[in-house]
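The block underneath contains the structure these notes are about, expressed in structure tokens.
The values are calculated or read from the model by the stated rules, or taken from the named source; none is laboratory data. These numbers come from a predicted model, not from an experiment. Cβ: placed from backbone, ideal geometry, glycine included. Neighbour counts: every protein chain shown. To get the accessible areas, we keep the full protein, side chains included, count just its heavy atoms, and leave off ligands, DNA and RNA. Shrake-Rupley method; radii C 1.70, N 1.55, O 1.52, S 1.80 Å.
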Amino acid sequence: MERIWKKMIGALGFTLCMALAACSDYLDVSNEIAESLDLEAVFRNPAYTRQWHANLFNCISEYSCTGGNNASGFTNVWSSLCGETLISSGPSSRLMEAGYNSSNAPLHRWWVLYREIRDAFIFLKRVTPLGAVEDEQQLTEESVRRMKAEAKFLIAYSYFSLFELYGPVPLLTEEVDPESKDLNFPRATVDELVDYIDRLLEEVIQSGDLPPTLINAAIPDGNERYNLNEIVRPTRSAAIALRAKLWVYAASPLFNGGYAEALEVKNNDGEYLFPPYDPEKWKRAAEAADEVVALCESLGYKLITGDQDKATNLLNDMRDIELSIWEREYDGVEAVFMTGFQGALINSFPYLLPNFPEGYPEKESSARGTFGPSMKMVESFYTKNGLPLNMDKEWPYANRYKMGREVDNTYQGVVALNEDVLNLHLRREPRFYAHIAADRCYWQRGPVASKNLEVQAYRGEAFGLHESYLDASTRQNICGYYVKKYTRTEVQTSNYRSNSAVLGDCRWPVIRLAELYLMQAEAWNEYLNKPDDREPLNKVRRRAGIPDVQDAWKKFSTHPQQVENQAGMREIIRQEKTVEFAFEGHRFWDLRRWKTAHLELNDKILGWNVLGDNARTFYNNYEGPVVVWSKVKFISPRDYLFPIKAEEVMISGYVQNPGW
């Protein structure tokens, strides 16, 4: 095992090599200066030390990157790999088509995160207070304590990211000397890894070295707002939130006795890696979620609500929903932890915005419009009564693929009134209209009323196909729908990149309060074996503009008994998570940890006949959706965990994950 770990430590110690010989990129210094630096020199310099610390944040995934060619284990390729979305060409579609094995699997996090973990341990061992009082780069005792707590948080975050992809992994708990003779690091068990991450986060939380929040309520005008210079740094709230998420994963079937094939996996010494079912883990998860929600609410975190600037309540609800992930200059207080990438607002817009025809006044030259939602996601959003489409006795489920008309002014500016519109697009919940651009509905594409564009998606229309054929090398949307999430309605489509500058510094939420509420609901439902009478689920639904769970199911549902038992509430909570976090990169992980991926991810991806140039042909003679992508495959039990690279297994002797 020594050989592979020496190779691995070479990768883990990538920054050590740079510190010794190539610091120019890592520390932003010239090659001449880099040649004279070693680790001791780096950590005697306050500026270099701060740069080393800043680079530790590279472990954080950036899910604002979606739909494009920048696919890695740290971007949101997961939305397409779980059937939420489809892009007509690009890495995710090629990956679905070709598949992969343990030798050529892409999307690895292994080398990058072990390198980041080792960098953090190097930092913890060497950082000290530095600099004179007048030095603007001075490292005070207080700042060093905070930076060390952040480094520990980032180690915990890195191990969690490895855990969700590979399951239990080798556990390094200190800096490792690549020349050491003792480089035998077997895979930790699930419980060992979870307990280590938990202890590390507890150490951070109890140290008092992280601020509880970055919300600053003490500015002169009395308004709460974030300190933008500090926004991406972890807080005590973020640490407790990550710990709650860790325990929700640890309690879930994938890691808690529900993955039968994994229960047989043993290290070479005979130790089982996966534990049998323990219901007390759900209690631990529920209590952790309660703790972080109580803290966040006491500190002023809240769901984004209260927009009153629009013409109707529906439009106001849609604006609140939009801002749940895009808070202008982070004046809002929903995001508990965010990424540090400053380009989040413009990361993915070329794949999301429509490829308008030449000469169209709103055309954005870089827009491809190739990224669209699957029919499964279109139909996952609720009715206006907050119910699944097939359970609302007031909604025309049997005729959902037929045409209807909307005459209620409640939907003014949202749905085309007094026109033929597919019933599937009528009387839906606000999140549907906020996140899905559907035919004969509106998409606000600029700051004034005249920019509220009616989506006309038939071939030859502005939002439709421009060609009479399908071609993967051409900019085409093959689903018949667009994703609104990731873009901002007040930014005009043409010149989107430059127009978005007015919004300032927008970054992507890693954890937001709505997720913590849904963690509470899920964990208590699983532990109590019966529906919980607490309110977290309803808090999310109220912001979404739909009735509380009990009201919706008792008044409008064909299955009112669903809210009276654990299994029924489990389905409700899971659908709520799917809808609230649609396209944000959650569903891939949720389906795996719930052990339901094999039931969901072998369905062909459906949409509309985008070659149709009128309602009848576009909507397939009103007979239902058509297959737009058939190259979908989830192999169970294999695909529930990512493979450890075959080279690692061959040289190190690691036991491989099931099926690989």
Discussion item. Looking only at the range 438-476, how many residues end up being within 20 Å of Pro361 (Cβ to Cβ) and of a type outside the set (A, V, I, L, M, F, W, C)?
Written reply: 16
Item to complete: Please enumerate the residues belonging to the range 609-660 that are of a type in the set (Gly, Ala, Ser), over 30 Å from Leu465 (Cα atoms) and not in a loop (DSSP other than H, G, I, E, B).
Response: Ala646, Ser652
Item to complete: Restrict the check to the range 590-608 and report whether at least one residue is surrounded by 20 or more Cβ atoms within 10 Å (Cβ to Cβ), at pLDDT 95 or above and in a loop (DSSP other than H, G, I, E, B).
Response: yes
Discussion item. Please count how many residues of the range 594-653 are under 27 Å from the mean Cα position of the chain (by Cα) and under 30 Å from Pro170 (Cα atoms).
Written reply: 19
Fill in: Breaking point among (1) within 17 Å of Asp439 (Cα to Cα); (2) open to solvent by 40 Å² or more (accessible area, probe 1.4 Å), for Pro373
(2)
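Which of the following residues is of a type in the set (Asp, Glu) and farther than 25 Å from Ile511 by Cα: Glu179, Glu192?
Checking each option against the conditions leaves just Glu179.
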Worksheet item: So which residues in the range 326-342 are at pLDDT below 90 and either over 16 Å from the mean Cα position of the chain (by Cα) or of a type in the set (Val, Ile, Thr) (or both)?
Response: Glu327, Arg328, Glu329, Tyr330, Asp331, Gly332, Val333, Thr339, Gln342
Practice prompt. Answer yes or no as to whether Met569 is free of Cβ contacts under 8 Å to residues at least 40 places away in the same chain and either part of a helix (DSSP H, G or I) or within 30 Å of Glu264 (Cα to Cα) (or both).
Written response: no
Worksheet item: What residue, among those in the range 87-111 that are part of a helix (DSSP H, G or I), open to solvent by 60 Å² or more (accessible area, probe 1.4 Å) and more than 16 Å from Thr370 (Cα to Cα), is modelled with the highest pLDDT?
Response: Trp111
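The rows are residues; the columns are (1) more than 23 Å from Thr578 (Cβ to Cβ); (2) outside any loop (DSSP other than H, G, I, E, B).
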{"residue": "Lys310", "(1), (2)": "yes, no"}
{"residue": "Asp317", "(1), (2)": "no, yes"}
{"residue": "Val336", "(1), (2)": "no, yes"}
{"residue": "Phe341", "(1), (2)": "yes, no"}
{"residue": "Pro354", "(1), (2)": "yes, no"}
{"residue": "Pro361", "(1), (2)": "yes, no"}
{"residue": "Ser380", "(1), (2)": "no, no"}
{"residue": "Trp395", "(1), (2)": "no, no"}
Item to complete: Test each condition in (1) at pLDDT below 95; (2) buried (at least 21 other Cβ atoms within 10 Å of the Cβ) for Ile651 and report the one that comes out false.
Response: (2)
Worksheet entry | Filtered residues of the range 180-196 (kept if touching a residue at least 12 places away in the same chain (Cβ under 8 Å) and over 20 Å from Asp590 (Cα atoms)) | Lys181, Leu183, Asn184, Phe185, Pro186, Arg187, Ala188, Thr189, Glu192, Tyr196
Worksheet, complete the sentence: Among (1) in a loop (DSSP other than H, G, I, E, B); (2) touching a Phe, Trp or Tyr at 6+ places or on another chain (Cβ under 8 Å); (3) of a type in the set (Gly, Ala, Ser), Gly372 falls short only on (1)
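From the list His466, His425, exactly one residue is more than 30 Å from Met391 (Cβ to Cβ) and not hydroxyl-bearing (Ser, Thr, Tyr). Which is it?
Among His466, His425, only His466 is more than 30 Å from Met391 (Cβ to Cβ) and not hydroxyl-bearing (Ser, Thr, Tyr).
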Practice prompt. Please verify whether the range 123-133 includes one or more residues that are open to solvent by less than 40 Å² (accessible area, probe 1.4 Å), closer than 23 Å to Ala47 by Cβ, at pLDDT below 95 and out of contact with any Cys (no Cβ under 6 Å at 6 or more places or on another chain).
Written response: yes
Worksheet, complete the sentence: Across the range 484-509, the tally of residues that are open to solvent by 30 Å² or more (accessible area, probe 1.4 Å) and not in a loop (DSSP other than H, G, I, E, B) stands at 5
Worksheet item: Residues in the range 622-634: is at least one within 30 Å of Leu254 (Cα to Cα), open to solvent by 50 Å² or more (accessible area, probe 1.4 Å) and in contact (Cβ under 8 Å) with a residue 40 or more places away in the chain?
Response: yes
Discussion item. Under 6 Å between Cβ atoms, which residue pairs at least 6 apart in sequence (or on different chains) link something in the range 598-621 that is at positive phi with a partner that is open to solvent by 60 Å² or more (accessible area, probe 1.4 Å) and modelled with pLDDT of 95 or more?
Written reply: none
